[in-house]
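The values are calculated or read from the model by the stated rules, or taken from the named source; none is laboratory data. Quick caveat, the model's predicted, so the values are computed rather than measured. All Cβ positions, glycine included, derive from the backbone under ideal geometry; neighbour counts span all protein chains shown. With ligands, DNA and RNA removed, areas are computed over all heavy atoms of the protein, side chains included. Shrake-Rupley method; radii C 1.70, N 1.55, O 1.52, S 1.80 Å.
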Amino acid sequence: MALAPAVVIATTVLSTKTNLRTDQGAVHFLGHADSSFDQFTAKRAPTYGAFLRRHMWRMVVFAPYFDHKTRWYPNGWAYHDAYAIYRGSSLAARHPEWILRDRAGSPLYIPFACSNGTCTQYAADISNPAFRRYWIADVRAELRHGYRGLFIDDVNMQLRVGNGQGRQVAPIDPATHQPMSDRAWREYMANFMQEVRAALPHTEIIHNAIWFADSPTRTADPYIRREISAANYINLERGVNDGGLTGGSGPDSLSSFLSYIDAVHSLGKGVVLDGNATDRQGTEYSLASYLLISAGKDAVSSSGMTPAHWWTGYDIDLGRAGGARKRWSGVLRRDFARGMVLVNEPGTVSRSVELPTTMRDLDGRNVKSLTLAPASGAVLKRR
C-alpha cells in the first residue's frame, strides 16, 4: 500500500459545499479519533490540523476530550450510544428504573464486552420518556461545543439485549409486563430516533445500524424506514469487508447489501462504508465498492489511517459518474468521467477482464487487463 506523510500530500478531498450531483467520484473519508489517535490531536501540530481538515471529511470523536478541539477541526461527529448506561456510573446509581430487566428483575445488558457474568453497558429502556429526555438533553449539551454532528451507536432495529454472559434475553416490556417483542423494540427505537431528529433539526445525525435487521422485510418495514428517515447517514460497520457477505443473490449476499444501500439512497440519505481492512486488497475493495454506490453524499473508512500513515488512493477523484453500477464480464462496473471501478463479489471465482482501453491503476501502472480475486476491486484512472 503506497503511503505518504501529511506534509507531502497536496491533493484535497472536495469540500462539503461541492454540488452532490458532480461529487460521486470523490472520496469522503471518515476517520475515527479513538484513544490511539490522541497523539495526532493532543498538541494541535499545524501539519496535523491541516491534514485532518484536508483529508478527514468527517471524524467520529469523543466528548469531552474533543470539546476544545472543534475550533481547529469543526467536522467531528460526537459519539453517543443509543441505549447504553455504563455499569458503575452515577447514572446507573441514580436511575436504576431506566435499566431493562428480565423476568426475575435482574439487569440486562448490551451484549458486548461481557466477562465473569457481567458486561460493561446496561441496556437502557428506550421506551421510557424520562430516559429519552435525559439522553437528548445530554447530547444537546455536548453539541454546544461545536461538533458538526452526532454519531449514534447501536441504533439496532432488532432486539440486542442480553444477560451477563452475552446471551440474548428478551427484557420485560414495561408497557405490557411481558417479554418485549422485536416489533415493539423496533417501534420504540424508531420513535426515539424521530424524537432525536426533531430535537436537533440542523445537526448531522448518523445511525450505526444493522442493515439486515428484520429480514427478509428489512427496509420495507415501516419502523426501519422511519429510523432511516430520522438520520442523515447510515453507518454500515465493516462495510463490504464483513466476512459474512456472500456472492450470489441470497439474503447475506453483497447484492442484497447493495440493495439495502439503494433503499437508503431512495429515502434521500447517505451511507458510510465503515470498512475495517488494513491490507491492500481489502482496502481497495472497500474503496471500489464505495465508488460503485456513491451518490455524492456517502463516505468510506478503513482502519489505521492517520497523518503518519495515509494511503494516497483516498485522494482520488474520478469526477462525475456516467451512470449506475452494472454487471460486466462477470464483475460489477461503474464508469466515471476520469476512470472506472470494478468489483468482484465474495464467494465467487477469480475473474480476468480485458479493459476497454489502457488505464492506470492506483500505483501508477498502465494496465490493459487484470484479474480480480473474490472480494476484491480495482480503481482505475484514465491516462
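What the table below lists for this structure:
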{"quantity": "Residue in the range 41-56 that is open to solvent by 70 Å² or more (accessible area, probe 1.4 Å), under 24 Å from H80 (Cβ atoms), of a type in the set (S, T, N, Q) and at pLDDT below 90 present", "calculated": "no"}
{"quantity": "Unmet requirement for V240, which otherwise passes all of (1) assigned to a loop (DSSP other than H, G, I, E, B); (2) modelled with pLDDT of 95 or more", "calculated": "(1)"}
{"quantity": "Subset of the range 75-98 (residues that are among the polar types (S, T, N, Q) and either in a loop (DSSP other than H, G, I, E, B) or within 19 Å of the chain's Cα centre (by Cα) (or both))", "calculated": "N75, S89"}
{"quantity": "Criterion: over 14 Å from the mean Cα position of the chain (by Cα) and of a type outside the set (S, T, Y) - qualifying residue of I224, I261, I228", "calculated": "I224"}
{"quantity": "Residue among L267, L245 that alone is open to solvent by less than 40 Å² (accessible area, probe 1.4 Å) and over 14 Å from the mean Cα position of the chain (by Cα)", "calculated": "L245"}
{"quantity": "Matching residues in the range 261-301 - criterion: being of a type outside the set (A, V, I, L, M, F, W, C) and touching a Leu at 6+ places or on another chain (Cβ under 8 Å)", "calculated": "D274, E284, S286, S289, Y290, G296, K297, D298, S301"}
{"quantity": "Q165 being touching a residue at least 12 places away in the same chain (Cβ under 8 Å), within 25 Å of the chain's Cα centre (by Cα) and assigned to a loop (DSSP other than H, G, I, E, B)", "calculated": "no"}
{"quantity": "Residue count, the range 316-336 (criterion: over 14 Å from Y290 (Cβ atoms) and open to solvent by less than 60 Å² (accessible area, probe 1.4 Å))", "calculated": "7"}
{"quantity": "Subset tally (residues that are assigned to a loop (DSSP other than H, G, I, E, B), touching a helix residue (DSSP H, G or I) at 6+ places or on another chain (Cβ under 6 Å), within 30 Å of G330 (Cβ to Cβ) and free of Cβ contacts under 8 Å to residues at least 60 places away in the same chain) for the range 243-270", "calculated": "1"}
{"quantity": "Some residue of the range 137-159 being touching a Phe, Trp or Tyr at 6+ places or on another chain (Cβ under 6 Å), open to solvent by less than 20 Å² (accessible area, probe 1.4 Å) and farther than 30 Å from D67 by Cβ", "calculated": "yes"}
{"quantity": "Within the range 200-237, tally of residues that are assigned to a helix (DSSP H, G or I) and aromatic (F, W, Y)", "calculated": "1"}
{"quantity": "Filter result (of a type outside the set (V, I, T) and open to solvent by less than 50 Å² (accessible area, probe 1.4 Å)) within the range 233-242", "calculated": "Y233, N235, L236, G239, N241, D242"}
{"quantity": "Verdict on G296 being assigned to a loop (DSSP other than H, G, I, E, B) and either among the small types (G, A, S) or open to solvent by 60 Å² or more (accessible area, probe 1.4 Å) (or both)", "calculated": "yes"}
{"quantity": "Those residues of the range 199-215 which are of a type outside the set (S, T, N, Q), at negative phi and touching a helix residue (DSSP H, G or I) at 6+ places or on another chain (Cβ under 9 Å), in sequence order", "calculated": "A199, L200, I205, H207, A209, W211, F212, A213"}
{"quantity": "Every residue from the range 114-128 that is surrounded by 16 or more Cβ atoms within 10 Å (Cβ to Cβ) and either at positive phi or not in a strand (DSSP E or B) (or both)", "calculated": "D125, I126, S127, N128"}
{"quantity": "Pair list, Cβ under 6 Å, 6 or more apart: the range 51-69 residue under 18 Å from H145 (Cβ atoms), other residue assigned to a strand (DSSP E or B) and among the aliphatic types (A, V, I, L, M)", "calculated": "R58/L30; A63/A78"}
{"quantity": "Members of the range 275-291 found to be in contact (Cβ under 8 Å) with a residue 40 or more places away in the chain and buried (at least 22 other Cβ atoms within 10 Å of the Cβ), listed by number", "calculated": "T283, E284, Y285, S286, L287, A288, S289, Y290, L291"}
{"quantity": "For F131: the one exception among (1) aromatic (F, W, Y); (2) surrounded by fewer than 20 Cβ atoms within 10 Å (Cβ to Cβ); (3) without any contact (Cβ under 8 Å) to a residue 40 or more places away in the chain", "calculated": "(2)"}
{"quantity": "Flag for P356 being assigned to a loop (DSSP other than H, G, I, E, B) and either exposed (fewer than 14 other Cβ atoms within 10 Å of the Cβ) or not β-branched (V, I, T) (or both)", "calculated": "no"}
